[in-house]
C-alpha cells in the first residue's frame, strides 16, 4: 500500500508556511486558511485574510503541473474571486505562479487576463520549481524552495495591497510571454509521457525519433532528458504556428483570406484536432506563398497530439482568438517571438545560443557595409543574422526591412532552429510579411554558391531560394564535435563534408591543386570543414568570422587548416580570452578567428596577423547598454584598435602580438616535404610575458 499526499495536503502545508511567514516577516495580513466555502458552495483552495472572515485579500488556487494556468484554471479562480469581492487572485500549478488584480467582469476577459496580471514581472522569479513535481515531492523535497518564493511574493504583495507601492507595469509583450510560457510548460508534461510511451512500444516511431536526433546532431540515449527535449520542441513549434497564423490573419492584406481558427466542440481526439489545424496552416501557406519553415515541420509534425491534451489546446486556441493582434504594435509582437524561449530553457531544447557580445564582435569585423550580403551556414536560431540586420540598419537607417532581409541568408540542417531563425528574422518587422527571410532547412554541405534550393525538404514545394554567387561576410558558430565523437554522426555525412571541403579548396586554388588534392586530416573536428566550405562562399575581400574550439592552433590536424588560411586569406585576427569560457561546455577553450579572402600572394605574405589575448571579460570592452548606437561605438573602437595595432601592445586589459603572415608560413614549412605542415600558433597568444620580451629584444 502506497500513501500519497493530495492537493488538499499540499494546500494545508502552504497555509502553515504562509502563516509562519506572516509572523516572521511582520506582515499586516491576519491569517491564511484553506477550504473556505462561499454561498454558492464553491471552495477556495487558500485565502489570505486582511481580516478574517470578513475581508479577504487574496485567493490562491492550486493545481497540478499538467494544468495550464491560463485556461480553465484562471476562469475558475476568477469566478470565485469576483463573486466574493476578493481583490486579488493567484493561480499556481506548482511550477508557475501568476497573480492578477480581480477583473471587472467574471465572464468577459476582453484582454483583462493580460491587463490585470502583475506577478511575475521583471526582477522576480517567473518559476517556483523549474520542473513538474508531485505533491509529495513539493512537501518533502522542495519546502524551502517554495517558502523562499512565497517570501519574495508576500513581501511585495503586502506593499501592493496596502498601496505602499504601485502595481508593477508590465509591457504587453512581457505579459503575453508569461501567458504562453505557462501553457507551454503544462502541455509539455503529457506530451513527454506520450512520446516516451510511443518510443517504447512502437519500433517504427523509435527509429524515426532516433533519426531525428541524428539530424539535429544529438545522441539519443532514451533518457528522460531526450523525451523532454522532444516534448518541448513539439509544443513550442505548435504554439509558434498558432500564434504566427493569428498574426498573419490580423495583418492586411491577409485578413480577408484567413478565417479565425475554430475547433468544433465535439472534437475530442488528437488526430481530429491535428487534421483541422493542418488545414488552417495549409491555407496560410497558400495565401502567403512562403514561410514553409514556420508553418510545416518534419518528424515533429507527424506526431498526433494525445487525446488528453485536446481540451487544453482548444482552450488555448479559443483564448488566443480573443486578442485583437491588429491593435498590437508589430515591434511588440516581434518581441514576443524573440523572447518566448527563456535563456535557461534553450539548453533543454538542444539549442546553444552564442553570446550577443561575441556575435557582435565578429560582425563588427566582418559586416562593414550596409549592402553586405551575409551568410550563416549553421544559423541555429538566427542570432548572427538578426544582429547583422541590426548592424546594417545602423550603417544605413534608410534601408527598409525588405532590403535588409534579402541580403541575409541562413542554412541549418535541423528543422527546429531553422524555424526559430525564420521567426526571429520575420519578427523584426511583422508588417512586411510579404518579404520572407532566406532560411534554408538543409545540410550546409549540400549547398554551393549560386545554387538554388527548395526552402525546406519537409514537403513538395516549388518555393526555392537562390544563393548569391559570392558573399561579403560569412559568420558562424559551427557545431563543435571532437573527432572521436564524430563516429556518432552518420559516416556518409562526415565523408560528404570531407569531400566537399577538398573540392572547395581545389577550386579556390586551381593553380596549386590541378593534379593533386589538398591534404585534410580526417581526424579534423567538424568545424574545420565549416571553415573551408564557408570560405568558398566569400568574394575577394570578403571576410569570414567564426567562433570555434581553439584546438586548430596547436594540434596536428590544425596544420591543414592553417595552410588553408595561409593559402587563401589574410588572417586579420585570432582572439582568445584568458578569463572567460565562451562556449557553454566549460571544457572547451575557444577562439574567434577573422580572415579576409585574398588571392594576391604578396598581400597575404605582407599581412600582419593580430594574436589577441583578452585579460578582462568581453563585457569590459563592450559594456551592456540598451542603446544600439552606443553599443556599436564600443565594438567599432575595439575592432579599430585591434586592426590598427601593428606593434606589440600590452596593458592590464589586452595583449596584442602582431606577426607577419609570411613568417608564419616559413615557421611551419617543411623543406623535405616542400609543403607547409603546421606550427603551434597558440604560443603567440598564451605564452608567458617573458616569451614576448625575448621576441621583442631579438
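The values are calculated or read from the model by the stated rules, or taken from the named source; none is laboratory data. What you see is a predicted model; the values in this text were computed from it and never measured. Neighbour counts run over all protein chains shown; Cβ positions are idealised from the backbone, glycine included.
Of the numbered conditions (1) touching a residue at least 40 places away in the same chain (Cβ under 8 Å); (2) surrounded by fewer than 21 Cβ atoms within 10 Å (Cβ to Cβ), residue 611 fails exactly one; give the number of that condition.
Of the numbered conditions (1) touching a residue at least 40 places away in the same chain (Cβ under 8 Å); (2) surrounded by fewer than 21 Cβ atoms within 10 Å (Cβ to Cβ), the odd one out for residue 611 is (2).
Is the stretch 277-300 home to any residue that is part of a loop (DSSP other than H, G, I, E, B), out of contact with any helix residue (DSSP H, G or I) (no Cβ under 8 Å at 6 or more places or on another chain) and without any contact (Cβ under 8 Å) to a residue 12 or more places away in the chain? So that I can check it myself, show each step before the final result.
Narrowing the stretch 277-300 to residues part of a loop (DSSP other than H, G, I, E, B): 289-291, 296-299.
Filter once more, so that each one left must be out of contact with any helix residue (DSSP H, G or I) (no Cβ under 8 Å at 6 or more places or on another chain): 289-290.
Still in the running and without any contact (Cβ under 8 Å) to a residue 12 or more places away in the chain: none.
Within the stretch 277-300 (the criterion being part of a loop (DSSP other than H, G, I, E, B), out of contact with any helix residue (DSSP H, G or I) (no Cβ under 8 Å at 6 or more places or on another chain) and without any contact (Cβ under 8 Å) to a residue 12 or more places away in the chain), the answer is no, since none of the residues qualifies.
With respect to residue 363, is the statement that it is over 26 Å from residue 406 (Cα atoms), in a helix (DSSP H, G or I), at pLDDT 85 or above and touching a helix residue (DSSP H, G or I) at 6+ places or on another chain (Cβ under 6 Å) true?
Numbers: over 26 Å from residue 406 (Cα atoms): no; in a helix (DSSP H, G or I): yes; at pLDDT 85 or above: yes; touching a helix residue (DSSP H, G or I) at 6+ places or on another chain (Cβ under 6 Å): yes.
No; evaluated as a whole, the condition is false for this residue.
Taking the stretch 80-110 only, how many residues are at pLDDT below 90 and surrounded by fewer than 16 Cβ atoms within 10 Å (Cβ to Cβ)?
Result for the stretch 80-110: 7.
Please work out if residue 521 is in the same structural domain as residue 578 (by TED's automatic domain parsing), out of contact with any strand residue (DSSP E or B) (no Cβ under 7 Å at 6 or more places or on another chain), under 23 Å from residue 670 (Cβ atoms) and at pLDDT 85 or above.
On the way: in the same structural domain as residue 578 (by TED's automatic domain parsing): yes; out of contact with any strand residue (DSSP E or B) (no Cβ under 7 Å at 6 or more places or on another chain): yes; under 23 Å from residue 670 (Cβ atoms): yes; at pLDDT 85 or above: yes.
Criteria met by residue 521.
Would you mind finding the one in 322, 351 that is modelled with pLDDT under 70 and more than 15 Å from residue 239 (Cα to Cα)? I'd like the intermediate steps shown before the answer.
Details: 322 fails: modelled with pLDDT under 70.
Result: 351 is the single residue among 322, 351 that is modelled with pLDDT under 70 and more than 15 Å from residue 239 (Cα to Cα).
Inspect all residues belonging to the stretch 238-252 and state whether any of them is part of a helix (DSSP H, G or I), more than 18 Å from residue 319 (Cα to Cα) and either touching a residue at least 40 places away in the same chain (Cβ under 8 Å) or touching a helix residue (DSSP H, G or I) at 6+ places or on another chain (Cβ under 9 Å) (or both). Full working, then the answer.
Within the stretch 238-252, the subset part of a helix (DSSP H, G or I) is 238-249.
So of that shortlist, the ones also more than 18 Å from residue 319 (Cα to Cα) come out as none.
No, the conditions are met nowhere in the stretch 238-252.
State whether one or more residues within the stretch 531-539 are in contact with a strand residue (DSSP E or B) (Cβ under 9 Å, 6 or more places away or on another chain), buried (at least 19 other Cβ atoms within 10 Å of the Cβ) and in a strand (DSSP E or B).
Yes, the stretch 531-539 contains at least one residue that is in contact with a strand residue (DSSP E or B) (Cβ under 9 Å, 6 or more places away or on another chain), buried (at least 19 other Cβ atoms within 10 Å of the Cβ) and in a strand (DSSP E or B).
Across the stretch 428-445, what is the number of residues that are part of a helix (DSSP H, G or I) and free of Cβ contacts under 8 Å to residues at least 40 places away in the same chain? Quick ask: steps written out before the conclusion?
Taking the stretch 428-445 and keeping what is part of a helix (DSSP H, G or I), we get 430-432, 444-445.
Cutting the leftovers down to free of Cβ contacts under 8 Å to residues at least 40 places away in the same chain gives us 432.
Qualifying residue count, the stretch 428-445: 1.
Can we say residue 267 is farther than 21 Å from residue 423 by Cα and not in a helix (DSSP H, G or I)?
Working: farther than 21 Å from residue 423 by Cα: yes; not in a helix (DSSP H, G or I): yes.
So residue 267 passes the test.
I'd like the full set of residues that are closer than 23 Å to residue 493 by Cβ and over 31 Å from the mean Cα position of the chain (by Cα), limited to the stretch 514-563. Quick ask: steps written out before the conclusion?
Keep residues of the stretch 514-563 that are closer than 23 Å to residue 493 by Cβ, which gives 517-537, 544, 546-549, 551-552, 555, 557-558, 560-561.
Within the stretch 514-563, 517, 518, 519, 520, 521, 522, 555, 557, 560 meet the criteria.
Residue 582 versus (1) surrounded by fewer than 17 Cβ atoms within 10 Å (Cβ to Cβ); (2) over 25 Å from residue 447 (Cα atoms): which is the lone unmet condition?
(1)
So in the stretch 411-427, with the set limited to residues that are outside any helix (DSSP H, G or I) and modelled with pLDDT of 85 or more, which one is farthest from residue 504 (Cα to Cα)? Quick ask: steps written out before the conclusion?
So in the stretch 411-427, the residues outside any helix (DSSP H, G or I) come out as 411-414, 427.
Add one more test, that the residue is modelled with pLDDT of 85 or more, and what stays is 411-412.
Numbers: 411: 18, 412: 19 Å.
Checked the stretch 411-427; the qualifying residue farthest from residue 504 (Cα to Cα) is 412.
For the stretch 395-408, does any single residue satisfy the condition of being within 15 Å of residue 474 (Cβ to Cβ) and in contact (Cβ under 8 Å) with a residue 40 or more places away in the chain?
Residues of the stretch 395-408 within 15 Å of residue 474 (Cβ to Cβ): 407-408.
Going one step further and asking which of them are in contact (Cβ under 8 Å) with a residue 40 or more places away in the chain, we end up with none.
No, the stretch 395-408 has no match at all.
Might you let me know whether the stretch 185-202 holds any residue that is more than 28 Å from residue 493 (Cβ to Cβ), assigned to a loop (DSSP other than H, G, I, E, B) and in the same structural domain as residue 324 (by TED's automatic domain parsing)? Quick ask: steps written out before the conclusion?
Residues of the stretch 185-202 more than 28 Å from residue 493 (Cβ to Cβ): 185-194, 197, 201.
Add one more test, that the residue is assigned to a loop (DSSP other than H, G, I, E, B), and what stays is none.
No, the stretch 185-202 contains no residue that is more than 28 Å from residue 493 (Cβ to Cβ), assigned to a loop (DSSP other than H, G, I, E, B) and in the same structural domain as residue 324 (by TED's automatic domain parsing).
Of the residues 433, 395, 408, 375, which single one is surrounded by fewer than 24 Cβ atoms within 10 Å (Cβ to Cβ) and within 23 Å of residue 540 (Cβ to Cβ)? Before you say what the answer is, go through the steps one by one.
Working: 433 fails: within 23 Å of residue 540 (Cβ to Cβ); 408 fails: surrounded by fewer than 24 Cβ atoms within 10 Å (Cβ to Cβ); 375 fails: surrounded by fewer than 24 Cβ atoms within 10 Å (Cβ to Cβ).
Result: 395 is the single residue among 433, 395, 408, 375 that is surrounded by fewer than 24 Cβ atoms within 10 Å (Cβ to Cβ) and within 23 Å of residue 540 (Cβ to Cβ).
Take the stretch 161-183 and flag every residue that is in contact with a strand residue (DSSP E or B) (Cβ under 7 Å, 6 or more places away or on another chain) and at pLDDT 85 or above.
Selection gives 161, 167, 168, 182.
Hey, among 317, 261, which residue is touching a helix residue (DSSP H, G or I) at 6+ places or on another chain (Cβ under 9 Å), assigned to a loop (DSSP other than H, G, I, E, B) and either in the same structural domain as residue 205 (by TED's automatic domain parsing) or modelled with pLDDT of 90 or more (or both)?
Numbers: 317 fails: assigned to a loop (DSSP other than H, G, I, E, B).
Unique residue meeting the criteria: 261.
So which residues in the stretch 45-78 are in a strand (DSSP E or B) and out of contact with any helix residue (DSSP H, G or I) (no Cβ under 6 Å at 6 or more places or on another chain)?
First, pick out the residues of the stretch 45-78 that are in a strand (DSSP E or B): 45-51, 55-62.
Residues satisfying the conditions are 47, 48, 49, 50, 51, 55, 56, 58, 60.
Listed residues 631, 616, 662; which is out of contact with any strand residue (DSSP E or B) (no Cβ under 6 Å at 6 or more places or on another chain), surrounded by 14 or more Cβ atoms within 10 Å (Cβ to Cβ) and closer than 30 Å to residue 518 by Cα? Show your work before the answer.
Values: 631 fails: closer than 30 Å to residue 518 by Cα; 616 fails: closer than 30 Å to residue 518 by Cα.
Being out of contact with any strand residue (DSSP E or B) (no Cβ under 6 Å at 6 or more places or on another chain), surrounded by 14 or more Cβ atoms within 10 Å (Cβ to Cβ) and closer than 30 Å to residue 518 by Cα holds for just one of 631, 616, 662, which is 662.
Please give the number of the condition residue 681 fails out of (1) in contact (Cβ under 8 Å) with a residue 60 or more places away in the chain; (2) closer than 12 Å to residue 562 by Cβ; (3) surrounded by fewer than 19 Cβ atoms within 10 Å (Cβ to Cβ).
Among (1) in contact (Cβ under 8 Å) with a residue 60 or more places away in the chain; (2) closer than 12 Å to residue 562 by Cβ; (3) surrounded by fewer than 19 Cβ atoms within 10 Å (Cβ to Cβ), the lone unmet condition for residue 681 is (3).
Residue check: is residue 564 part of a helix (DSSP H, G or I) and assigned by TED's automatic domain parsing to the domain that holds residue 648?
In short, yes.
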